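Below is one structure, written out as structure tokens; comments come after it.
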Amino acid sequence: MEPNSEVRIRLTDGRVIEGIVMQPHLFTGHDIVVLKLKNGYNIGISKRDIAGWEVIGEVEQRRWEEAFERRTAGSGDRVSVIVTGGTILSRVDYRTGGVYPSLDPDYLFELVPELEGLASVTVVPLFSKFSEDMMPTDWTAIANAVESELDRGAVGVVVMHGTDTMHYSAAALAFALRAGPGPVVFVGAQRSSDRPSSDAYENLLGAIITARAAPFAESVVAMHGGMDDGVIAIHRGTRVRKMHTSRRDTFTAVNDVPLAHVDVEKGDLRLLTSDYRERDSRVLVRPAFSDRAALIKYYPGMPPQLLDALVEMGVRGIVLEGTGFGHVGEQLLDSLKRAIDVGVHVFMTSQTLFGRVNLRVYSRGRELLRLGVMPLEDMAPEVAYVKLAWALANYPVDRVPEVMATPLAYEISYTSRPDAFTKCG
Amino acid sequence: MKFRELGLKVGLEIHVQLNSPRKLFCHCRPELRGEEPHFKVRRRLRVSLSELGEVDPAALWELRKQRTYIYEGYNDSTCLVELDEEPPHEPDEYSLETALAVAQMFNAKIPDEVYVMRKVVVDGSNTSGFQRTMLIGVDGRAKILGYEIGVESIALEEDACRKMDEDGERVTYRLDRLGVPLVEVSTAPLEYEPHEVAEIAALVGYSIKSTGRAKRGIGTVRQDLNVSIVGGAKVEIKGVPTLSLIPRVIELEVQRQLNLLRISGELRSRGVRPDDVTDDVMDVTDIFANTTSNLIRSAIGRGASVYALKLHGFSGILGFEVQPKRRFATEIADRVRVWSGLGGILHSDELPGYGISSDEVAAVRARLGSDAFILFLGEWDVVKEAVKVAVERLRIAIIGVPEETRAANTDGTTRFMRPRPGAARMYPETDLLPIRVTGDLLERARRIASETLEAKLSRLMGMGLSRELAFQLVKSPYLDTFEELASRYPNVPPTVIGTILTSTVKRVSKEAGEVPEGLVESLISALSGGLIVKESAEELLLAAAKSGKPIDVVAREMGLTRLSYEEAKSIVKDAVSAVGSDMGKVMSYVMRKYRGRIDASDVRRALEELLKGQ
């Protein structure tokens, strides 16, 4: 029985069942035929119970396969939407239950009618990757695509991206785009776009409003501000982290507050700070990232050989996620010294995520300082890793410590805002 | 009405909530709550209209409303799953076993793998925009009390949110009910009389309840009907509130369809064709410049205009009654209200009226050049939409009966809700894996469905219970208790035990609160031991429940212990000398004086012995 054929099955108990043969699920038993019945339900029938069958029709496959090409719809200032993955737009074929991704800008306007008159949108397919498969070379590809769209006159660029590593990519673009005429807005969805309740549409609308109208030209993340619909929070790419596996408002500012809120129903963007990088007529992109940076989280019992192995592999810099103020166990001290002695830069961040590292308070911190471990203030560990990969690719290796310590994209602040901590109870 | 000749077919959809320990797709308690909610979340739903509309006109109607939904919840009994902020958990096994047991009861084909599906529902009652549902059985059949009941499907699905409030474009729902497991049994079209359909609905409901795993109380069973007659259309009627209303709803729907067919015949004989109904509307506000109609004056005051739709050939038809107090124009008004939100329309068959003078009516007629018309009061962009649906409905009237989903009113009439949904608006729940129906699962289900309702009822009736009492017991939560007590106390007639459990206990608990099962048993035990008689059972149970004292103590205190046979004999002897030896007369004489202390069987035996001269 071939998928998409309509069949009449006679069971061994004499019953007759009609339906469309479905593509099996990854977890469908080998002895099972999956049928979609007329009432819309799928059921699995054991082949043992099938006495005979005949094909009574063929279901024409709906084709939504679209050319992987750059296309524009709408009118007004032009915003480019670079697609890197995630199914931010999808169509459902209710006859077969199939869900297909879409890159059709006209379809986007149909789903988000509020876009009408707001901007023209160019959809730019770049690649289709799961968030967890992103590599530093992909950040380079995104940076190059952003540069190209800005050069072609886009007032801002939206990047559709899976949410898991969105904050790494957003940080990467924050460092790669040194100046530009508009923001780079990362956007994704926590609820898939095939469902009527998906957050994809409002997130995208918020992203496009930001790309078109925001006064800043930074790399940011646009996702739900709360569990309510209506408000999209715009976070700095260097100050944001995915903090929940499934909630719409998973992206949380770390050691900062959001840059802006977008009321998607009114179409308003409200700035929450007056300190930002403004739009610039130049486009200046430094897209290279090194693959010789590492990020490693300390845990009680961590063997020093893990550090030795990294040095052995030839990494040029390591970001440590230490405990509390930025500590690691004494068993690592010798390995750290050896690493630093051979010229590997070692930086310290904290696994508490919130707060500032400080290597002067406790004796372990002072020992680490004396070894040459460099504390990175209130920079998030992932951001420090991305910045290190960028610094190693764009500066002479001896300048990397200085680059790391210098705020370039609001990744470091010297004042700790009392309201920049998210906690329950 | 001769329903058989009309080709009446009624499909039943019976939904029963299960008393599972958790919700179907999360671990929250399935508990409805009355206190102030802990939080509220605001959401919108979005669907591609072109795509969904193509397959589902019903969804299109719902979506047009562009509503905002407010969801109320509790931090300790609703979680991120109900909020659509977390993927579903594995389905609740208790519910799965129960649904499988129901499928077995109805001899349905059970799939070897069950797939959870997403059924798109865009009225906001599900936070996700779909209801999760799975097919547990197809093509079932059962014979209960002589009825042949075909069952098309048995599904296990999640219940929707409770609607708490509706205020224009804002609907408030409570999350507590969302996710409560429901077993849905859909019958094949039944060709029975309306009152028989009601009995079948009861039997299907009891079958599910007989698993002992159904929730009890108001709102735990919901029934929908699909009614059609030859020449009419399949009309789905949602939310028939009680079983007893079913026959009336069916009869009134048959009447409605017959009347709509009559209207269609009349229009055709007048030569009216669908194309003759056009959206030809005129602004006639000026005619009402000096109207005495408050309705029109206040509408104009709010900025509305009066628009008239001319209708050739509809005179007398708009006001034709299709159901009690529901005219053909009501059908149009219902649709207009649902689609455009326009509150009301006026039609030529009810005018003059509502303060509108005959001069004004004549002026409208003259302006339109037609006898029949409909007036719409509102602003143009709303009226435009209202006219669109009115025209659509008027055209259908010429053809016949529209397929639609209607809601039951409490008097048995129905009102329009939406067109009938297209069949295929389901797709697989991608967040869950297929469920293998293992032998172990089927075996556990079999233990729940150990006895069919049919077998259970006939066994009870075999014990001497009336059909009515047997039904009551099956419905009640006491079936197990009954069987235990009946076997433990064989000399108490099962009918007595059944009556105590179904009626006496209910009446006593109304006055004295919950009656402990142990107390009921000691009552039966006292009957069995000859300590008391059944006539005083209620009085004793009430006293014992109120005082907390044992039955025998209460019986002695109240002087309601059973008189011995020797005492009964001497009482009967006195009675015979007073009223003669007629059994009826003796019985009523004795009972009047000694009710609650003397057993009727003792009186009968004593009199018989006395007459035989023993």
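The values are calculated or read from the model by the stated rules, or taken from the named source; none is laboratory data. Please read these numbers as outputs of a predicted model, since none were measured by experiment. As a convention, Cβ positions derive from the backbone with ideal geometry for all residues, glycine included, and neighbour counts pool all protein chains shown. Surface areas here come from the heavy atoms of the whole protein model, side chains and all, with no ligands, DNA or RNA. Shrake-Rupley method; radii C 1.70, N 1.55, O 1.52, S 1.80 Å.
What to note about this one:
- Matching residues in region B:261-292 - criterion: being in contact with an Asp or Glu (Cβ under 8 Å, 6 or more places away or on another chain) and farther than 18 Å from B:K310 by Cα: B:T291
- Check on A:S281, out of contact with any helix residue (DSSP H, G or I) (no Cβ under 9 Å at 6 or more places or on another chain), part of a loop (DSSP other than H, G, I, E, B) and of a type outside the set (A, V, I, L, M, F, W, C): yes
- Taken over region B:121-149, residues that are facing chain A (nearest Cβ under 9 Å) and open to solvent by 10 Å² or more (accessible area, probe 1.4 Å) amount to 3.
- Filtering region B:483-492 to residues that are out of contact with any Pro (no Cβ under 8 Å at 6 or more places or on another chain) and either at pLDDT below 85 or assigned to a helix (DSSP H, G or I) (or both) leaves B:E483, B:E484, B:L485, B:S487, B:R488.
- Members of region B:415-473 that are modelled with pLDDT of 90 or more, part of a loop (DSSP other than H, G, I, E, B) and more than 17 Å from B:P494 (Cβ to Cβ): B:E429, B:D431, B:L432, B:L433, B:P434, B:V437, B:T438
- Pick from region A:38-58, criterion within 14 Å of another protein chain (Cβ to nearest Cβ) and open to solvent by 20 Å² or more (accessible area, probe 1.4 Å), ranking: nearest to A:E18 (Cα to Cα): A:K38
- Candidate set from region A:177-200 (those that are outside any loop (DSSP other than H, G, I, E, B) and crowded, with 24+ Cβ neighbours inside 10 Å); member that is nearest to the other protein chains (Cβ to nearest Cβ): A:A200
- In this entry, A:V99 is excluded by the filter for residues that are buried (at least 20 other Cβ atoms within 10 Å of the Cβ) and either under 20 Å from A:P196 (Cα atoms) or not basic (K, R) (or both).
- Of the residues B:D411, B:D440, the single one that is under 21 Å from B:T98 (Cα atoms) and open to solvent by 70 Å² or more (accessible area, probe 1.4 Å) is B:D440.
- Within region B:334-366, being farther than 21 Å from B:A386 by Cα, in a helix (DSSP H, G or I) and open to solvent by 50 Å² or more (accessible area, probe 1.4 Å) holds for B:S358, B:D359, B:A362, B:A366.
- The lone exception for A:V220 - which of (1) surrounded by 24 or more Cβ atoms within 10 Å (Cβ to Cβ); (2) within 11 Å of chain B (Cβ to nearest Cβ) it fails: (2)
- Of the residues making up region A:1-26, those that are at pLDDT 90 or above and in a loop (DSSP other than H, G, I, E, B) are A:T12, A:D13, A:G14, A:R15, A:M22.
- Filter result (over 23 Å from B:L465 (Cα atoms) and assigned to a loop (DSSP other than H, G, I, E, B)) within region B:493-516: B:G513, B:E514, B:V515, B:P516
- B:L96 modelled with pLDDT of 95 or more and within 13 Å of chain A (Cβ to nearest Cβ): no
- Complete set of residues in region B:192-226 that are among the charged types (D, E, K, R) and either modelled with pLDDT under 90 or in contact with a helix residue (DSSP H, G or I) (Cβ under 7 Å, 6 or more places away or on another chain) (or both): B:E193, B:E199, B:K209, B:R213, B:K215, B:R216
- Taking the numbered list (1) touching a residue at least 40 places away in the same chain (Cβ under 8 Å); (2) open to solvent by less than 30 Å² (accessible area, probe 1.4 Å) in turn, B:E535 passes all entries but (2).
- Residue within region A:238-257 that is out of contact with any Lys or Arg (no Cβ under 7 Å at 6 or more places or on another chain) and without any contact (Cβ under 8 Å) to a residue 12 or more places away in the chain present: yes
- Considering region B:84-97, the residues that are in contact with a Phe, Trp or Tyr (Cβ under 7 Å, 6 or more places away or on another chain) and over 18 Å from B:V16 (Cβ atoms) include one that is least open to solvent (accessible area, probe 1.4 Å), namely B:P88.
- Every condition in (1) closer than 19 Å to A:R195 by Cβ; (2) surrounded by 24 or more Cβ atoms within 10 Å (Cβ to Cβ) is met by B:L100 except one, and the failing one is (1).
- Some residue of region A:157-168 being of a type outside the set (K, R), within 14 Å of chain B (Cβ to nearest Cβ) and either within 26 Å of A:I412 (Cα to Cα) or open to solvent by 30 Å² or more (accessible area, probe 1.4 Å) (or both): yes
- Screening B:F376 on (1) assigned to a helix (DSSP H, G or I); (2) over 28 Å from B:E251 (Cβ atoms) shows it passes everything except condition (1).
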